[in-house]
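This report concerns only the one structure given below.
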Amino acid sequence: MAQIPLVDYLVLDGEPHLVARECTDCGARYFERRRSCASCGGHGEDQFRTVELPTEGELTAFTIVSFAAPGVPVPFVAAVVDCGGTSVRANIINVEPDPEHVSTGMKVQLGTYSIGADEEGTEAIAFGFEPVDPALRKASDDHQEVSA
Amino acid sequence: MSDDIWILGISMTSFGKRPESDMIDLAEEATLAALDDAGVTMADMGVLAVGNLMNAAAGVGQMLQKQVGQTGIPVYNVANACATGATALRTAMMAVKAGECDMGMAVGVEKLAGAGLLAGGSKKGDSDTWEPHGRQGAVAPLDGRVGTEIMPGVFAQIGMEYGHRYGGTSFELFARISEKNHGHSTLNPKAAYTKAMSLEQIMGDIMIAYPNTRPMCSANCDGAAAAIVVSDAKLKTMSLEQQRRAVKVSASVLTTDPWEEGCQVLPNVNTLTRNAAKQAYEQAGVGPEDLDLVELHDCFATAELVHYDNLMLCEEGGAVDFFESGAPFRDGSKPVNVSGGLQSKGHPIAATGIANIWEVCHHLRGEAGPRQIPDAKVGLAHVIGLGSACGVHILERSAA
Ligand SMILES: [Zn+2]
């Protein structure tokens, strides 16, 4: 089945991983298309290069969202993960969404899951981070989201 | 004569559900009260800056003029997230400071009662075919899939991050901050909520985004506030009573967030607040130790904690100890949010950045009644809007 990543900074070829756009002058990293650097103002021809991020990281901040806009399933864990010095915004997946199972400082690793296939049969793949410690992971639950 | 700017008159409407008043009624109510408080009229105003976030394109300033006085003066319609009110005030002050006029007015108004969540929901339903959109090539909405866009969730993470860095935080600690502010508002008849709440009530209420339950979130409500600013030279020509009640604007600062690692992943509300505070203390020639009261932007209980630190009310990393010491309670050494704060007084967004200055002025003038902080001479008012914009004002009692 053909696959497409949820966002363009998720790379699915080989081992799934995230990439950042890194400023060649100052090293600032971004997760979006850009022409210029908000850190140093650089805007040259080759201002950015693509860098791979480690797939393991540490949870530095989180919240458990229990009340969201219509259509957003709750509860879910929204977090910031420090991947080797680069902050990444992500959900924490394959975990019970409660403060007993999620804590800052927790080691997490990248995981992917399908959010469903479109009319043409292309499957969209999202990412999240799950606890490295299998004991902290939710028992036997493939994080599956059924798409409309 | 100096280039000091003074607040000559200032007002705040009651906050809360105001079904009997539309947006313009509220703005007018605040405007007329500020004019009466200052002892001047619209004919004395040389500039009008009007903040309103939810109808930023509507020309609320001109709509207000059509009620209170079409004098032909320049109007600025201001929108700057939760710093809208503070930005409107600065707009009027800059006109006076630039010598364009010697008196001006700033108004902030919002109709928000029952508005619910004010962000999030980029999820408009998935499409039939996955097609990349936007700057991240997203094939589907990201809110709830790649973190959260809702404010209670963003500010929850900001508080949790502080706890991760320095330790000592807990759900209960954040709830106790909220308990303090709900307790404070029992003395503020203009607050949206004036009932004390127990820790059990706060922790047991509906969870919005852990660790923020509903009473730990700023209250969407209706309200307006208005301020009249005057140059030092003009004030000196006015009555002794006007001079005595005038409050000096010792510092007025607006900052945005400088680039830092991670700042586009989770908004960094810390550095721009710290930068604004530093500049304000320098401008005013006072330090945090000189403040008799502080009204800071507790849009969520988790936010209040980090701003103790950002405004340098405590040592770096010492916000939990600062709270535990009792300092920010109204009978403590550094009262914070004696109005009840945004969690209890309410947060009609554009009004907030003037209403917090009204609160401080009220104490500096000795007119705060039962909630008066005794002999208050210097106060600080802080707002922050995500995006981000931070306004800090330091105010001093008149020597006259
Ligand atoms: Zn750069």
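The values are calculated or read from the model by the stated rules, or taken from the named source; none is laboratory data. Remember, it's a predicted structure, so these values are computed and weren't measured experimentally. Glycine also receives a Cβ, built like all others from the backbone with ideal geometry; neighbour counts cover every protein chain displayed. Areas reflect the complete protein model, heavy atoms only, side chains present, ligands, DNA and RNA absent. Shrake-Rupley method; radii C 1.70, N 1.55, O 1.52, S 1.80 Å.
List of remarks:
- Residue within region B:331-341 that is aliphatic (A, V, I, L, M) and buried (at least 24 other Cβ atoms within 10 Å of the Cβ) present: yes
- Residue ID - nearest to the chain's Cα centre (by Cα), chosen from residues in region B:51-107 that are assigned to a helix (DSSP H, G or I) and of a type in the set (Val, Ile, Thr): B:Thr84
- Selection from region A:14-42 of residues that are within 16 Å of the chain's Cα centre (by Cα) and not small (Gly, Ala, Ser): A:Glu15, A:Pro16, A:His17, A:Leu18, A:Val19, A:Arg21, A:Arg29, A:Tyr30, A:Phe31, A:Glu32
- Note on region B:233-266: residues that are small (Gly, Ala, Ser) and assigned to a helix (DSSP H, G or I) total 1.
- Matching entry among A:Arg33, A:Arg89 (being open to solvent by 70 Å² or more (accessible area, probe 1.4 Å), facing chain B (nearest Cβ under 8 Å) and within 30 Å of B:Cys217 (Cα to Cα)): A:Arg89
- Residue list for region A:62-86, filter: over 15 Å from B:Val154 (Cα atoms) and at the interface with chain B (Cβ under 7 Å from one of its Cβ atoms): A:Pro70, A:Gly71, A:Val72, A:Pro73
- Neighbours by Cβ (under 6 Å, 6+ apart or cross-chain): first from region B:308-330, at pLDDT 95 or above; second in a loop (DSSP other than H, G, I, E, B) and among the hydrophobic types (A, V, I, L, M, F, W, C): B:Tyr308/B:Cys314; B:Phe322/B:Cys314; B:Arg330/B:Val338
- Test: residue in region B:109-127 that is assigned to a loop (DSSP other than H, G, I, E, B), within 14 Å of chain A (Cβ to nearest Cβ) and of a type in the set (Lys, Arg): yes
- Criterion: open to solvent by 20 Å² or more (accessible area, probe 1.4 Å) and closer than 28 Å to B:Ile202 by Cα - qualifying residue of B:Gln372, B:Gln283: B:Gln372
- Exactly one residue out of A:Glu22, A:Glu96, A:Glu58, A:Glu52 is within 15 Å of the ligand (Cβ to nearest atom), open to solvent by 10 Å² or more (accessible area, probe 1.4 Å) and at pLDDT 95 or above, and it is A:Glu22.
Conditions tested, residue by residue: (1) of a type in the set (A, V, I, L, M, F, W, C); (2) within 22 Å of B:Phe155 (Cβ to Cβ); (3) within 18 Å of the chain's Cα centre (by Cα).
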{"position": "B:Leu266", "(1), (2), (3)": "yes, yes, no"}
{"position": "B:Thr271", "(1), (2), (3)": "no, yes, yes"}
{"position": "B:Glu282", "(1), (2), (3)": "no, no, no"}
{"position": "B:Val286", "(1), (2), (3)": "yes, no, no"}
{"position": "B:Leu293", "(1), (2), (3)": "yes, no, yes"}
{"position": "B:Leu305", "(1), (2), (3)": "yes, yes, yes"}
{"position": "B:Leu311", "(1), (2), (3)": "yes, yes, yes"}
{"position": "B:Glu315", "(1), (2), (3)": "no, no, no"}
{"position": "B:Gly332", "(1), (2), (3)": "no, no, no"}
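- Meets criteria (free of Cβ contacts under 8 Å to residues at least 24 places away in the same chain, open to solvent by 40 Å² or more (accessible area, probe 1.4 Å) and aliphatic (A, V, I, L, M)) for A:Val74: yes
- Test: residue in region A:12-19 that is more than 16 Å from the ligand (Cβ to nearest atom), open to solvent by 60 Å² or more (accessible area, probe 1.4 Å), within 11 Å of chain B (Cβ to nearest Cβ) and more than 26 Å from B:Asn268 (Cβ to Cβ): no
- Of everything in region B:151-209 that is β-branched (Val, Ile, Thr) and in a loop (DSSP other than H, G, I, E, B), the residue that is surrounded by the most Cβ atoms within 10 Å (Cβ to Cβ) is B:Thr169.
- Residue that is surrounded by the fewest Cβ atoms within 10 Å (Cβ to Cβ) [pool: residues in region B:219-246 that are of a type in the set (Gly, Ala, Ser), within 26 Å of the chain's Cα centre (by Cα) and modelled with pLDDT of 95 or more]: B:Ser231
- Residue within region B:267-274 that is within 14 Å of another protein chain (Cβ to nearest Cβ), of a type outside the set (S, T, N, Q) and in a loop (DSSP other than H, G, I, E, B) present: yes
- Among residues of region B:128-144, those that are within 7 Å of chain A (Cβ to nearest Cβ) and free of Cβ contacts under 8 Å to residues at least 12 places away in the same chain, counted: 9
- Of the criteria (1) more than 16 Å from the ligand (Cβ to nearest atom); (2) assigned to a loop (DSSP other than H, G, I, E, B), which one A:Asn91 fails: (2)
- Any hit, region A:95-104, residues being at the interface with chain B (Cβ under 7 Å from one of its Cβ atoms), among the small types (Gly, Ala, Ser) and out of contact with any Cys (no Cβ under 7 Å at 6 or more places or on another chain): no
- A search for C-beta distances below 9 Å between a residue of region A:41-61 that is within 13 Å of chain B (Cβ to nearest Cβ) and closer than 29 Å to A:Val102 by Cα and any residue that is within 12 Å of the ligand (Cβ to nearest atom) and open to solvent by 10 Å² or more (accessible area, probe 1.4 Å), counting only pairs 6+ apart in sequence or on different chains, returns A:Leu53/A:Arg29.
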